[in-house]
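Just so you know, all these numbers are worked out from the coordinates, no wet-lab data involved. Predicted, not measured: the structure shown is a model, and the values here were computed from it. Counting neighbours? That spans all protein chains shown, and the Cβs are built from the backbone with ideal geometry, glycine included.
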Amino acid sequence: MATELVLVCHGEAAVDVTGLVGGPRSCTGLTARGHQQTQLLAGRLAGPHARTPFVACYTSPCRCAQDTAQLIDAVLHLAPCCDDGIRGLDPGDADGQPRSAVEQAFGGPPEARPDDALVAGAETWHQYLRRATTALGSLHRRHRGGGRILIVGHPETVVACHVWLLGLPADVRAGLRFRSDPTGITRWGKDHDAFGSAVWTLLCHNDLAHLRGQPPEPA
């Protein structure tokens, strides 16, 4: 059976609207708009899930991701499993602080100075990538037999997945970004080529058709 990783970003979070750095202390979950986005996302996933069911669902422990996973579970009945390894970047003392002020003092987002911590107690960007890519690899190994795996995470989860599957080192300084919006869908599929070698293919990135009133595409 082929393997497919379907990553979805959490819906709009309250901390994102208020401009705060989200973390275990400050994240209060989704906004009303985030709930609506996630309900549309769940409806988008339901058809493909009915045809080829997900074999597992994993979620970040962050409240906004948990809320998103629970809303999806109400439709798809996947019993999501919380995996601490795919949580967002640990913000340390920046948790709940105004993001603009924190990043101005730091000189940009965490990846701008990937070997330095935003503030005391925070992970560096490279520490985050090492942790998240290791966790994603571990999730993949749990399902060596293949199948469709749903991962509910954060924009940086998608970045970590791209770094991992592109074979880039966790201390990469690529000088590029991958945009990931609330409830955006990213899909990687692994199959074998004509010579029997396993090949990963990026099937879509940040797909938001469910929010734009477009006819749903396979997810």
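When only Cα pairs under 8 Å and 6 or more residues apart are kept, what is the percent relative contact order across the chain?
30 percent
Run the numbers on region 43-102 and let me know its relative contact order in percent, using alpha-carbon pairs under 8 Å that are six or more apart.
This gives 35 percent for region 43-102.
Only Cα pairs within less than 10 Å get springs; with that Gaussian network setup on the chain, which residue of Gly108, Gly184, Gly96 has the largest fluctuation?
Gly108
Would you pull out the residues with amide H under 5 Å of Cys204's amide H, same chain only if 5 or more places away, H placed 1.01 Å from N?
Arg187
Calculate one ³J(HN,Hα) per residue across region 27-42 by plugging θ = phi - 60° into the Karplus curve 6.51 cos²θ - 1.76 cosθ + 1.60, and present them in order as whole Hz with x for glycine and proline.
With the stated coefficients, region 27-42 comes to 6, 9, x, 7, 7, 4, 5, x, 5, 5, 4, 5, 5, 5, 4, 4 Hz.
Using modelled backbone amide H atoms (1.01 Å from N, in-plane), which distant-in-sequence or interchain residues come within less than 5 Å of Glu4's amide H?
Close amide H contacts, sequence-distant or interchain: Gly147, Arg148, Ile149, Lys190.
Suppose we keep just the alpha-carbon trace of region 96-174; what are its Rg and Dmax in angstrom?
14.5, 47
Hey, what D do you get for region 33-144 in µm²/s if you plug the Kirkwood alpha-carbon radius into Stokes-Einstein at 20 °C and 1.002 mPa s?
134 µm²/s
Using alpha-carbon pairs under 8 Å, 6+ residues apart, how would you state the relative contact order of region 7-52 in percent?
39 percent
Using only the Cα atoms of the chain, what do you get for the radius of gyration and for Dmax, in Å?
Considering the chain through its Cα atoms, Rg and Dmax are 17.0, 53 Å.
Under 15 Å from the Cβ of Ala112, count the other residues' Cβ atoms, weight Lys and Arg +1, Asp and Glu -1, and hand me the total.
Result for the local shell: -3.
Can you give the local net charge around Thr18? Use residues other than it whose beta-carbon is closer than 12 angstrom to its beta-carbon, Lys and Arg +1, Asp and Glu -1.
Once all neighbours under 12 Å are counted, the net charge is -1.
Between His205 and Leu168, what FRET efficiency follows from the Cβ-Cβ distance if R0 is 22 Å, with the result rounded to 0.05?
That gives a FRET efficiency of 0.90.
Can you give the local net charge around Gly167? Use residues other than it whose beta-carbon is closer than 15 angstrom to its beta-carbon, Lys and Arg +1, Asp and Glu -1.
+1
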